[in-house]
Amino acid sequence: PSWINSVPKNYGDVKAGTIKADEWRTLSTIYLPIALIILWGDKHTLASQKPDVLRKVLDHTMSLFQATILVCRYTMTSDRAAAFRDFIDSWVNGLRTIHPHTREHTPRTNIHAAGHIYDFLVRYGPILNWWCFPFERLVGALQKINTNDHIGGE
């Protein structure tokens with residue numbers, strides 16, 4: 001639909017570069033859930049692909065996507081904030097079980113910070129009211145300016 005922002009057509013290629021926060025949001029709330037359900041949610045998945053394992057990974061990933069969908073709503077209620085907290089807790093708690101290689105690493109700061117988003121939702125309301133998109137957009141514009149590594153301009 002025309003009202004949904006797109007992602008780069010060459011997403012995943014080196015030439016595509018780094019995607020922006022809004023593109024991540026679109027991927028995680030629309031495109032990836034649909035694609036992963038089609039790929040991993042089918043009961044008739046090939047036996048070589050371990051359908052039970054794929055289903056657990058899908059359910060785990062959907063917890064993160066559901067948290068993202070809730071946090072990006074235009075209005076916030078205490079029930080939505082609590083549901084966000086439950087989904088993000090489910091995702092964090094399942095991370096080391098579903099992806100055992102993560103046990104070798106110290107937990108990432110951004111995973112810890114995700115748990116605090118609940119507090120901000122309760123205090124400040126919908127994330128769209130206080131996220132840093134305008135600043136990210138400005139930084140993106142500044143990064144495109146060719147300065148040839150010289151202070152003061154091109």
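The values are calculated or read from the model by the stated rules, or taken from the named source; none is laboratory data. Just so it is clear, the structure is predicted and the values come from calculations on it, not from any experiment. Counting neighbours? That spans all protein chains shown, and the Cβs are built from the backbone with ideal geometry, glycine included. Only protein heavy atoms, including side chains, enter the accessible area calculation; ligands, DNA and RNA are left aside. Shrake-Rupley method; radii C 1.70, N 1.55, O 1.52, S 1.80 Å.
Could you report the chain's accessible area per residue, 1.4 Å probe, as an integer in Å²?
Value returned for the chain: 75 Å² of accessible area per residue.
To the nearest 0.05, how large is the calculated FRET efficiency for T97 and A21 if R₀ is 41 Å and r is the Cβ-Cβ distance?
Here the calculated transfer efficiency is 0.90.
Give me the distance in nm between label points sitting 7 Å out from Cα along the Cα-to-Cβ direction at D86 and S2, one decimal.
Calculated label separation equals 3.9 nm.
Among (1) 10.8; (2) 11.5; (3) 13.2, which one is mean projected area of the Cα convex hull in nm² computed from these coordinates?
(3)
Order these peptides, 24-31, 5-12, by their mean beta-carbon neighbour count within 10 angstrom, highest first.
Those peptides, ordered most packed to least, come out 24-31, 5-12.
So between Y31 and L142, what do we pick up on full extension, going 0.36 nm a residue minus the alpha carbon distance?
37.1 nm
Do you know the Lys pair count in the chain for C-alpha distances under 28 Å, with sequence separation 8 or more or different chains?
Pairs that pass both the separation and distance tests number 5.
With n ≥ 4 as the cut-off for DSSP H runs, can you work out [θ] at 222 nm for the chain, using -39500 (n - 2.57) per run divided by the number of residues, rounded to the nearest 500?
Helices in the chain give a 222 nm mean residue ellipticity of -17500 deg cm²/dmol.
Points 7 angstrom from Cα along the Cβ direction at R108 and R73: gap in nanometres?
With each label placed 7 Å out from Cα toward Cβ, I get 2.6 nm.
Expressed as a whole percentage, what fraction of the accessible surface of the chain belongs to carbon and sulfur atoms when a 1.4 Å probe is rolled over the protein heavy atoms?
58
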